[in-house]
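What follows is a set of notes on a single structure, which appears directly below.
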Amino acid sequence: MAAATPGGTIDEAEVARFERIARTWWDPNGAMKTLHRFNPVRIQYIRDHVAEHFGRDARDGRPLEGLSVLDVGCGGGLLCEPLARLGATVTGIDPAPTNVEVARLHADASGAPVTYRRATVEALVAEGARFDVVLAMEVVEHVADVRMFAEACCAAVKPEGMLFMATLNRTLRAFALAIVGAEYVLGWLPKGTHQWEKFVTPDELADALAGGGFRISDETGVVYNPLTGSWRAASDMSVNYMVAATRAQRPSARA
């Protein structure tokens, strides 16, 4: 069984696994090539829903101007840099030191104004840090305690802010495609990247977010088109899916 930090959500075995491949984050043909192809769909989904929520024009060159964004489990910064270029003030956190080092070096070289820290979301919440938008993309399936992690992410969001999560559904189809296919047949991901029993169903994720006082406002599947080699949003949530969530409205007190 993977070891977890006592009282926390960090799975040390998962951190070590990503440490071993951390320096390949920005290689579009390396271990993270699937995320590189997946990234445009994630960015568009976040941009469009944030723009709608905060009354911005998504087609504006910098629709996230003035908004603070926290990327939890930022890896090498594949999401952080594009969101910073859309105007957001971005902080990326990751428990793996090499991930943070790689992210900082790449941001310095590219000129992307991103702040990176080796930290957990629980630590930032304890510090009192709050953000307009919190992201936990392709992270939930790697933590030791989904409910505790989701509640910490919810606590990091400002009262009128948004939370985004992306993960893998615990279905036989996901096992066949995301593990057998992607890791062992096609070699898209290093073997052992995912553990099927740690995949999270949409209902389980909704329940965990409800524990943090949030409700899912939008959800979408993400599917791969082998003919074009690209990913797109779709109604099929049986493998990959993303959700946007906002704080649940408390019922008004009766007079």
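The values are calculated or read from the model by the stated rules, or taken from the named source; none is laboratory data. Everything numeric here is computed off the predicted structure, so don't read it as measured data. Don't worry about glycine lacking a Cβ; one is built from the backbone with ideal geometry, like all the others, and counts go over all protein chains shown. The area values use the complete protein model at the heavy-atom level, side chains included, leaving out ligands, DNA and RNA. Shrake-Rupley method; radii C 1.70, N 1.55, O 1.52, S 1.80 Å.
Checking each residue in region 13-32 for being modelled with pLDDT of 85 or more and within 18 Å of the chain's Cα centre (by Cα) picks out W25, W26. Within region 205-220, residues that are at positive phi sit with their Cβ atoms under 9 Å from residues that are open to solvent by less than 50 Å² (accessible area, probe 1.4 Å) and modelled with pLDDT under 95, at 6+ positions apart or across chains, in these pairs: G213/A248.
Yes/no per residue for (1) of a type in the set (K, R); (2) touching a Lys or Arg at 6+ places or on another chain (Cβ under 6 Å); (3) at pLDDT 95 or above:
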residue	(1), (2), (3)
V50	no, no, yes
R62	yes, no, yes
L79	no, no, yes
G87	no, yes, yes
V90	no, no, yes
P97	no, yes, no
R117	yes, no, yes
T120	no, no, yes
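All conditions but one from (1) outside any helix (DSSP H, G or I); (2) crowded, with 17+ Cβ neighbours inside 10 Å; (3) modelled with pLDDT of 75 or more apply to L35; the one that does not is (1). For region 215-229, which residues satisfy the criterion of being under 17 Å from Y45 (Cα atoms), open to solvent by 50 Å² or more (accessible area, probe 1.4 Å) and at pLDDT below 95? Residue satisfying the conditions is Y224 alone.
One residue alone among G192, G212, G187 is at pLDDT 95 or above and open to solvent by 20 Å² or more (accessible area, probe 1.4 Å), and that residue is G212.
Which ones in region 51-66 are open to solvent by 10 Å² or more (accessible area, probe 1.4 Å) and outside any helix (DSSP H, G or I)?
Listed by number, the residues that qualify are F54, G55, R56, D57, A58, R59, D60, G61, R62, E65, G66.
The residues of region 94-124 that are β-branched (V, I, T), surrounded by fewer than 22 Cβ atoms within 10 Å (Cβ to Cβ) and not in a loop (DSSP other than H, G, I, E, B), listed by number, are T98, V102, T115. Being touching a residue at least 24 places away in the same chain (Cβ under 8 Å), part of a loop (DSSP other than H, G, I, E, B) and charged (D, E, K, R), is that true of even one residue in region 147-156? Within region 147-156, none of the residues are touching a residue at least 24 places away in the same chain (Cβ under 8 Å), part of a loop (DSSP other than H, G, I, E, B) and charged (D, E, K, R).
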